[in-house]
Every structure is written in structure tokens, then in C-alpha cells.
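> Have a look at this one.
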Amino acid sequence: MLKIAVLVCVCVGLMHGYPGFLKEIPNGEAVPNPCTEDPEDKWNLVGHMYASRIEFMRARRQNPDRYVNVFGEMFFSNGQNWTAICDLDADNDGKTNGVELGDPECVWERGTIPAGPATGHPGICEIETQECLSKASDICPTTTTP
Ligand SMILES: [Ca+2]
């Protein structure tokens with residue numbers, strides 16, 4: 001019975017919890033997916049290594065210790081405070097989190113419209129540079145599917 005209760009809590013959290021975090025960053029619900037050819041495809045779980053909930057749940061089951069990407073780690077280790085991480089470069093691609101999420105001046109506040117659209121993913125290196133790889137930044141997972 002306890003297992004069922006825990007499972008229900010986890011599933012409800014997965015269904016309803018993450019959208020709340022996405023509102024804590026600019027353009028959280030409109031981050032481009034750098035791992036597909038489709039420019040309209042979005043990365044729905046910005047702080048995680050996987051773009052979709054299905055992939056995330058599968059990965060979490062297989063490796064419960066590693067499913068948050070470098071941006072997610074930075075976000076949580078800084079108290080989910082956008083201002084604290086805006087000017088940092090989580091994935092080490094040379095572009096700040098603010099530039100990638102459309103807030104290059106780091107002035108965005110929750111509930112307001114960002115200065116521009118998200119132009120990149122702050123936790124997934126779009127280009128596999130040595131800088132990205134040396135920081136063990138996440139690159140496109142091989143299991144990403146539409
Ligand atoms: Ca970056």
C-alpha cells in the first residue's frame with residue numbers, strides 16, 4: 001500500500017511539479033531542442049538530460065543518481081534563483097544562461113515577458129566543443145526521440 005502511495009506521489013509530481021520550475025526561468029516553456037532537426041521542437045524539461053517526460057522517467061528508473069543536467073544542477077544549487085545563475089554559463093558553451101534563455105541583461109522577473117526568445121539550451125551543449133566536454137556538460141542524449 002505504501003509503495004502505491006509513493007508511486008502516486010511521484011507520478012503527480014512529475015505531471016505537475018516541473019511546469020512550476022519552468023516559470024522560474026525566462027522562456028522556460030519555449031527552450032529549443034538542440035538535439036533535433038525540427039526548429040519547432042522544444043526541450044520540455046530544461047533542467048534535465050531528457051527532453052520529454054517519458055524519456056526522463058525511463059532514464060530515472062535506470063539511473064536514479066544522474067538525470068539532472070548541468071543547468072538543473074546549477075539552478076537547484078542556487079536556490080532556484082534565476083538572478084543568481086543568469087550571468088553564469090552552465091554548459092560552458094561561451095553563452096551565459098541569460099543569453100540562451102532570452103534575458104541577456106539579466107533583468108527578467110517571474111511573470112514578465114523576457115527581452116527575447118530562447119536561442120539555445122543552457123544545459124545542453126549545442127556544439128561539442130572541448131570546453132563543453134571538459135566540463136562534462138551534457139550533449140544530446142542518444143536516446144532522444146520525438
Ligand atoms: Ca551556455
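> Determine, yes or no, whether Asn27 is over 15 Å from Thr119 (Cα atoms), within 13 Å of the chain's Cα centre (by Cα), within 16 Å of the ligand (Cβ to nearest atom) and surrounded by 16 or more Cβ atoms within 10 Å (Cβ to Cβ). Step through it out loud before you land on a result.
Working: over 15 Å from Thr119 (Cα atoms): no; within 13 Å of the chain's Cα centre (by Cα): yes; within 16 Å of the ligand (Cβ to nearest atom): yes; surrounded by 16 or more Cβ atoms within 10 Å (Cβ to Cβ): yes.
Here the answer is no, as Asn27 does not meet what is asked.
> Select from the stretch 48-99 the residues that are among the polar types (S, T, N, Q) and in a helix (DSSP H, G or I) and list them in ascending order.
Within the stretch 48-99, the first condition is being among the polar types (S, T, N, Q), and the residues that meet it are 52, 62-63, 69, 77-78, 80-81, 83, 92, 96-97.
Answer for the stretch 48-99, where residues must be among the polar types (S, T, N, Q) and in a helix (DSSP H, G or I): Gln62, Ser77, Thr83, Asn97.
> Here's a follow-up. Does the stretch 84-98 hold any residues that are surrounded by 15 or more Cβ atoms within 10 Å (Cβ to Cβ), closer than 15 Å to Ala118 by Cα and more than 7 Å from the ligand (Cβ to nearest atom), and which are they?
Selection gives Cys86, Gly98.
> Asn81 - would you say it is modelled with pLDDT of 95 or more and within 14 Å of the ligand (Cβ to nearest atom)?
Values: modelled with pLDDT of 95 or more: yes; within 14 Å of the ligand (Cβ to nearest atom): no.
In short, no.
> Let me ask you something else. Out of curiosity, is Gly102 near the ligand (Cβ under 7 Å from one of its atoms), part of a loop (DSSP other than H, G, I, E, B) and under 17 Å from the mean Cα position of the chain (by Cα)? Can you show your working first?
On the way: near the ligand (Cβ under 7 Å from one of its atoms): no; part of a loop (DSSP other than H, G, I, E, B): yes; under 17 Å from the mean Cα position of the chain (by Cα): yes.
The answer is no for Gly102.
> Next question. Can you find a residue in the stretch 125-140 that is in contact with a Gly (Cβ under 8 Å, 6 or more places away or on another chain), of a type in the set (Gly, Ala, Ser), at pLDDT below 85 and within 15 Å of the ligand (Cβ to nearest atom)?
Yes.
> All but one of (1) surrounded by fewer than 19 Cβ atoms within 10 Å (Cβ to Cβ); (2) modelled with pLDDT of 55 or more; (3) within 19 Å of Pro64 (Cβ to Cβ) hold for Val8; state the number of the condition that does not hold.
Answer for Val8: the failing condition is (2).
> Next question. Applying the selection to the stretch 43-72, what residues are surrounded by 15 or more Cβ atoms within 10 Å (Cβ to Cβ), more than 18 Å from Pro32 (Cα to Cα) and without any contact (Cβ under 8 Å) to a residue 24 or more places away in the chain?
Across the stretch 43-72, the qualifying residues are Arg60, Tyr67.
The values are calculated or read from the model by the stated rules, or taken from the named source; none is laboratory data. All values derive from a computational prediction rather than experimental measurement. Methodologically, a virtual Cβ is constructed for each residue, glycine included, from the backbone with ideal geometry; neighbour enumeration extends over all protein chains shown.
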